[in-house]
Structure formats: structure tokens, C-alpha cells
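Note sheet for the following structure.
A short reminder: the numbers here are calculations on the coordinates, not readings from a lab. For clarity, every value in this text was computed on a predicted model and none was experimentally measured. Backbone-built Cβ (ideal geometry, glycine too); neighbour counts: all protein chains shown.
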Amino acid sequence: MIPTQPPHTPGGGATPVLELDALERHFAGHGGIVRAADGVTLTVGKGEVVGLVGESGSGKSTVGRCAVRLDEPTGGTVRINGRDVTRLSRRALRPLRKDFHLVFQDPSSSLDPRMTVGQIIAEPLRLHGIAKKDAARARTAELLGQVGLRPEHAQRRPHELSGGQRQRISIARALSVDPDLLVADEPTSALDVSVQASVLNLLADLQRDRGFGCLFITHDLAAVEFLADRIAVMYLGQIVEQAPTAELFADPKHPYTRALLSAAPVPDPAIQRTRRRIVLSGELPSPLAPPPGCRFHTRCPLAVDRCRTEAPELRELPGNAAEGGGRQVSCHLVGDDGTAPDAAAAPALRTIPSTRTAR
Ligand code: SF4
């Protein structure tokens, strides 16, 4: 049975722009049913950045694609700005598409090589009847400036640009119609390390200035700590922990979160020396046949008998309401007061507040 998840209030009581409720994406493949997303409940508030992290194969990209209806949910609901869009036809969805956009991992595959940069950025303006001709050109020049490019870049084609410049074009295109929600799926992982930081900074600045909600999907823990207000951790199609960023890094509760964070480098040598890496045994099980009970039990260093038969619920824990409400965790061994077992196994990664306030 899929554990039920309590609703989560977005940070600071912000109006939700994205609400996923028990979202499922199951499909036939490899001789069975692949449960890529299996009961995901998640909210992104206006002006809030929610990071979605997990190993490759955890289902986080599937959730992002379902959130913008580029993939079809097979269960649950997707609401954008309070409207249920889960089963809207493509035609009915078209006018709403200006409210939400996806920035893909690889800008090379998402930009039409036959179009100029100016045409690529102006296309959503034209499709949604927001601006034409001179107005669209002026808006394109403005957007190019906002993503750190020059007006003359409008005449170039994607292959004439660097990877970082192409991703800036993707971001400019996504923001051209002022969406309320941006889903960014590993937006820097296809870029050289040297340009990743500049694209992340750009995304952070634009998000702060424009106040859109953002679902930031990544396996890069440093990036998510930098950008996100709140983080949801996925394992095998389900969310296993969710918390404000600073709380998650300072005090991870779920054994899987602890293992993930223990592998992240820490810039402070004093903290780094006190840490012990938790190495998980085995591979991520197949979403074709998730383990019974707690899905993490085959790799969990703390598993007990109950874990093999009984799926833990994602429960609300006491938390700092000002930072986004209560925390959520699904583990039998975490007490209702948030007491987690074996805390010494993964000392806190951070003793300072989230870097989000310092950027
Ligand atoms: Fe580990 Fe059991 Fe907690 Fe799952 S419920 S994370 S197996 S201790």
C-alpha cells in the first residue's frame, strides 16, 4: 500500500502555485509496471524554491515532467494556481501554459537549431498573443540583457553559442511570459563546472526579483542548498523526507537523507573532519518491483524486522513554522517528537543558517 502523505503548507504560508497530491506515474515496461512516481504529495508556494533531490532513478524528473504535463500522471492530481490540470486536454491546457515552464537539463536538445535566438525567445510571446513584432523584439532584447547576453545574440543560432549561453537562452525563453512556476530539471548538470555557478546565480537572482515558484530538481546537494528554501528527498518513487533547507542539512532524520548528505563535500575543514561517510550497500532497487515494507529496507543500515513488512507513513514532525511549517519523514524509527536513531552516524553538515539568505 502507498503511504499517505499529509498536506504541506508552503513556506511562510505563501499561496501555492503547484500542488501535487498523491501523484502517480506508472507505465508498462520491462515486462511489468514501472512505478516511476508512486504517491508524491508536494507543494511549491509563490516565491518559494523547493528542491527535489535523490539518486538517478528515484523518479524526481518524472515528477517534474508530470508537474508541467509533459508526462501524463496515471493517478493523483496536479493543481497549478489552484486549478486542477491533471486531465485537461492539450487544447484546454494551451492557454494555461504561460503560467508554467520547464527548463531542461540539456539546452542543446531543447532549443530548435533552425531558429535564431531571437525567434526562440519570442516564440512563447507570439504563441500566447502577448507581444508581436517590435514589442516582441524589444522584450527579447530586454530578456537577453536579464540573462547576461547582448542584443546581437538574438541573431545567432544555438550551435553558435556555448553550453552556458544556451542554458541562459532556455531560461530567458521560459521566463519570457512571466510564469508563476518554473520547473528546472538539473539545469546545470550538462554544463562545464566553470559555468555552473554563474547559471545558478542567474537563476537565483531572477527567482528573487520575479518571485516565481520553482521546483528545482537536482542531484547536486551544494546547488540545492544554495537555491532552495525547502527540500524534498525522493527514494524509489516516493518522498521520504521533507524539511526547510537549513533544518535538513543541520539535522537530517531519514537514514537515506543522512547517507546522501554524508557524501556531500563540506567547505569547512573542521566540520569535514568530524564527519563519517555512510556508504549504502547495493543498488537502487528496480521501480518494477519495489521492496515490500519500507522501500529503503534493502539498503538501510538501521532496518529492523518491522521495516521489511510495514511501509512507514510520511508523518509531519514539529518544525519551525516560520521556515515552512513542519518537517515530514517516513521512518519507523523516528519518534513523533523528531528523535532520530543513531544521530552520531551522520553529524550535522552545517551549523549555520541556510546560505539562501546570504547569496
Ligand atoms: Fe530504515 Fe526502517 Fe526507517 Fe526504512 S523504516 S528508513 S528501513 S529504519
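General observations
- Acute angle (nearest 10 degrees) that the helix 117-127 long axis makes with the longest principal axis of the chain, alpha-carbon atoms: 80
- Mean residue ellipticity (222 nm) of the chain, computed from DSSP H runs ≥ 4 via -39,500 (n - 2.57), nearest 500: -8000 deg cm²/dmol
- For the listed peptides 81-87, 276-282, 42-48, 138-144, a ranking on the average number of other beta carbons within 10 Å per residue, highest first, reads 42-48, 138-144, 81-87, 276-282.
- Spin-label proximity, Asp178 to the stretch 30-73 - amide N less than 19 Å from point 7 Å beyond Cα toward beta carbon: 46-48
- Folded to 0 to 90 degrees: helix 193-210 orientation relative to the chain principal axis, Cα: 80
- Its relative contact order, with pairs defined as Cα atoms under 8 Å and 6+ residues apart, puts the chain at 21 percent.
- Placing unit charges on each Cβ (+1 for Lys and Arg, -1 for Asp and Glu) gives the stretch 201-273 a dipole about its Cα centre, and among His219, Gln238, Leu202 the Cα reaching farthest toward its positive end belongs to Gln238.
- As a rough guide to protection, the peptides 212-221, 103-112, 186-195 ranked by mean Cβ packing within 10 Å, highest first, stand as 212-221, 103-112, 186-195.
- Working ranking of peptides 241-249, 294-302 by packing, defined as the average number of other Cβ atoms within 10 Å per residue, highest first, is 241-249, 294-302.
- When DSSP beta bridges are restricted to pairs lying wholly in the chain, around 60% turn out antiparallel.
- Among Val49, His153, Val17 the positive-end extreme of the charge dipole of the chain (Cβ point charges): His153
- Placing unit charges on each Cβ (+1 for Lys and Arg, -1 for Asp and Glu) gives the chain a dipole about its Cα centre, and among Ser281, Leu260, Pro73 the Cα reaching farthest toward its positive end belongs to Pro73.
- Size of charge dipole - the stretch 16-235 - debye, nearest 20, with Cβ of Lys, Arg +1 and Asp, Glu -1, no other charges: 1020
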